[in-house]
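Here's the structure we're looking at; comments come further down.
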Amino acid sequence: MTKTEGKYQEINEEGLTILSDFTEDVPVFMMNYLKYKEIVCETGKTGRETYRAYLEAAIPFFNQLKAEIIFKGKPIATIIGLKDEKLWDEVLIVKYLNKNEFFKLLKMKNYPRELRVSSLSDSKLIFCK
């Protein structure tokens, strides 16, 4: 994984290998932990506005796959964990029919990756089963 301005935005090859080795016949879930930029310099819009535009552009790609957003919400309070750690802005969970559907997404041309990256000051994409 590479770092941009101290924040992770690119794919972790080790994590991708773990996903590659996962069984093909069960759903996978991708938890997106998101920290928005205050302002996206290129557009003058907020990171939240830009991420909203990204989701609008990404939904047709999800619809082509067997993928759906099953949860989108704001973290409110840490129940177990560091109490002084500042929570990020949003959590988004996408369910894919299987790992192959996620890999198809990675290969899709015109998928709005750059819009997603431009909206975030930091992010984590966590594979869950």
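FYI, it's all coordinate maths here, none of it is from the lab. What you see is a predicted model; the values in this text were computed from it and never measured. Cβ placement follows ideal geometry from the backbone for every residue including glycine, while neighbour counts extend to all protein chains displayed.
Measuring between their Cα centroids, the stretch 56-129 and the stretch 8-55 lie 5 Å from each other.
Near Leu120, the amide H atoms lying under 5 Å from its own belong to Lys37; only residues 5 or more places off or on other chains count, and H is placed 1.01 Å from N.
Computed from label points 7 Å out along Cα-Cβ, the spacing between Glu49 and Lys129 is 4.3 nm.
For the chain, the 222 nm mean residue ellipticity estimated from helices alone, with every DSSP H stretch of n ≥ 4 adding -39500 (n - 2.57) and the total spread over all residues, rounds to -9500 deg cm²/dmol. Put in line by how crowded their Cβ is, counting other Cβ atoms within 10 Å and starting with the fewest, Ile80, Ile93, Ile18 read Ile80, Ile18, Ile93. Here's the list of aspartates and glutamates a cross-link from Lys124 could span, going by alpha-carbon distance under 13 Å and ignoring same-chain residues fewer than 8 apart: Glu10, Asp89, Glu90.
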